[in-house]
1. If you add up the charges near Cys174, with Lys and Arg at +1 and Asp and Glu at -1, over every other residue whose beta carbon is less than 13 angstrom from its beta carbon, what do you get?
2. Based on alpha-carbon centroids, what's the gap between the range 26-100 and the range 165-194 in Å, whole number please?
3. Straight-line reach only, C-alpha to C-alpha below 14 angstrom: list the aspartates and glutamates that Lys56 could link to, leaving out same-chain residues fewer than 8 apart.
4. Pulled fully out, how much extra length does the chain show between Lys164 and Lys104, if you take 0.36 nm times their separation in residues and subtract their Cα-Cα distance?
5. Mind scanning Lys75/Lys100; Lys75/Lys104; Lys80/Lys204; Lys21/Lys107 and naming the pairs with a C-alpha gap bigger than 32 Å?
6. Run down the aspartates and glutamates and flag those whose C-alpha is under 13 Å from the C-alpha of Lys199, throwing out any fewer than 8 positions away in its chain.
7. Once phi is turned into θ = phi - 60°, what whole-Hz ³J(HN,Hα) does the Karplus curve with 6.51, -1.76 and 1.60 give for every residue of the range 184-194, x standing for Gly and Pro?
8. Please turn the phi angles of the range 87-95 into ³J(HN,Hα) values with the Karplus equation 6.51 cos²θ - 1.76 cosθ + 1.60 (θ = phi - 60°), one per residue in order, whole Hz, x for glycine and proline.
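The values are calculated or read from the model by the stated rules, or taken from the named source; none is laboratory data. Not measured: the values here are computed from a predicted model. We place every Cβ from the backbone using ideal geometry, glycine too, and count neighbours over all the protein chains shown. We work out accessible area using only protein heavy atoms, side chains counted, and drop any ligands, DNA or RNA first. Shrake-Rupley method; radii C 1.70, N 1.55, O 1.52, S 1.80 Å.
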Amino acid sequence: MKLYIFAFLFLIFNGITAQKKEYLSIKKGEFPEGIYMTLEEVLQKTPSSAEDIYFKTAVKNDAATLPDKVFFYDKQDDRKIRKPLAVSYKGEMYFQTFRKYTNKEDKTYEADVYSRFCKVLSYGRFLYFEESVRSIWNKGLLSELNSLTQLISGNNKGIVLDLKNKELNIFRDCDDFNDFLFEHEIPSAQCDPDRFTLKDLRKKIDELNASYQ
């Protein structure tokens with residue numbers, strides 16, 4: 001009888017274990033320092049070069065040490081670093097937003113300043129950063145209407161590197177964010193477009209990433 005009970009419990013345990021899904025994730029500090037030209041280099045954590053670089057703050061009143069938005073320069077000739085997708089610098093990972101790597105629904109958006117790199121604010125299943133974007137079809141309107149708001153629908157957007165789908169996903173609004181959660185089998189968020197801010201979005205992403213830290 002004990003043998004049957006043990007076998008039964010063993011089968012249940014194996015069933016639960018088999019059902020538990022494992023997801024790709026990246027922890028802070030896992031990227032070797034250097035310049036990452038492509039998404040593939042980022043996913044492989046293999047920089048294409050390790051030039052001696054420095055940064056200049058891209059936004060007024062940002063932190064002086066490892067700010068959220070920066071421009072990078074080559075120390076040897078003071079040349080601005082323009083084309084890489086990402087830069088790992090002093091333990092922080094910085095991305096710029098290229099339409100080449102964005103989700104197909106986000107191809108009409110681009111960063112409102114070229115060659116600006118944004119620091120990853122949350123690591124784990126999704127790498128999260130924030131950038132000001134504009135529509136390529138109506139470049140002036142989005143910034144003009146929403147430049148003073150921090151709502152999810154404003155021009156400053158939350159963006160994740162989706163490791164599963166190997167793409168950048170820009171959260172345009174509440175519906176878009178919940179569509180993303182549904183696609184990844186994550187319960188929807190209580191997201192009121194008139195109240196849900198980037199701070200709320202960061203908190204939600206931090207919760208999703210917590211178990212992968």
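1. So the environment of Cys174 carries a net charge of -3.
2. Rounded to whole Å, the Cα centres lie 26 Å apart.
3. Asp68, Asp74, Asp78
4. Taking Lys164 through Lys104 to full extension adds about 20.1 nm, to one decimal.
5. Correct reply: Lys75/Lys104; Lys80/Lys204.
6. Glu130, Glu207
7. 9, 6, 10, x, 5, 9, 6, 10, 8, x, 8
8. Once rounded to whole Hz, the list reads 9, 9, 9, 6, x, 10, 9, 10, 10.
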